[in-house]
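Comments concern the structure below.
Computed from the coordinates by the stated procedures, all read-outs in this text should not be read as laboratory data. In this text the structure is predicted, and so the values were computed from the model without any measurement. Glycine also receives a Cβ, built like all others from the backbone with ideal geometry; neighbour counts cover every protein chain displayed.
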Amino acid sequence: MPRSRRPGRVRGSLLALALLAPVLLGTAPGGSGETISLSGKGPGQRLDVTLTQVVDPAPPAGPEPAGSDRLVATRFRLENTGTSGYQDSPAPAAHLLDSAGRRYTGDDVPTTAGPAFPETVDLDPGGTAEGFITFRIPADADPAAVQFALNTGLADDVGQWSLPLP
C-alpha cells in the first residue's frame, strides 16, 4: 500500500520547486536587493534591475482590494546598460511567487507605498527609471520571491529575488 505524504512535505516540495525552477531554467538568482543584469530579446537590450523595497501589505490608494486579497508593492530600479533604447511595460514583466508555488503577475494598482511605473517605460542607453509594481495576492499568501524579465516578461533572461528583503 503506498504511503501518503504529509501536507507539510508537499507544501515544502512545491516551494522548493518554485524557487529552484528559475535556476533550472537559466534564471539569474539574486540576493535580497541585489542588482541583476538582464538581456532582452532585441539586439543591444540590457537592463540592470534592482528590487529596492517591498511593502507588505501596501495600503491601496483607492478602493480596498476585493474579497480577502491584499496588495504587495515592490519597488524596482531599472537602468538601461545596453546599446539600444528600451521600451516596455514593467508591471506584466514582474511576478511574485508565494511559498505554495503560486505565481501572481504584476499590476498597476495604485497604493500609498509610492508612485507606480508609467504604463510604458522608455529608456535611452544610460537612462534610469524607478517605480512600484503591485501584486494582488490572497490575504493568507506568504510571498517567497519576485521575478522580473524584459520584453513584458517574455525574455529568456529572468532575474529572481528572495523575500523578504532585509
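Within segment 129-151, one or more residues are touching a helix residue (DSSP H, G or I) at 6+ places or on another chain (Cβ under 7 Å) and assigned to a loop (DSSP other than H, G, I, E, B).
Is at least one residue of segment 78-98 within 15 Å of SER162 (Cα to Cα) and either among the aromatic types (Phe, Trp, Tyr) or in a loop (DSSP other than H, G, I, E, B) (or both)? So far as segment 78-98 goes, no, none of its residues is within 15 Å of SER162 (Cα to Cα) and either among the aromatic types (Phe, Trp, Tyr) or in a loop (DSSP other than H, G, I, E, B) (or both). Filtered by the rule that a residue be in contact with a strand residue (DSSP E or B) (Cβ under 6 Å, 6 or more places away or on another chain) and within 15 Å of GLN53 (Cα to Cα), segment 146-164 gives VAL146, GLN147, PHE148, GLN160, TRP161, SER162, LEU163. Evaluated against (1) under 18 Å from LEU38 (Cα atoms); (2) buried (at least 18 other Cβ atoms within 10 Å of the Cβ); (3) touching a residue at least 60 places away in the same chain (Cβ under 8 Å), GLU130 falls short on exactly one condition, (2). The residue that is nearest to LEU78 (Cα to Cα), counting only those in segment 152-161 that are in contact with a helix residue (DSSP H, G or I) (Cβ under 9 Å, 6 or more places away or on another chain) and surrounded by 19 or more Cβ atoms within 10 Å (Cβ to Cβ), is GLY159.
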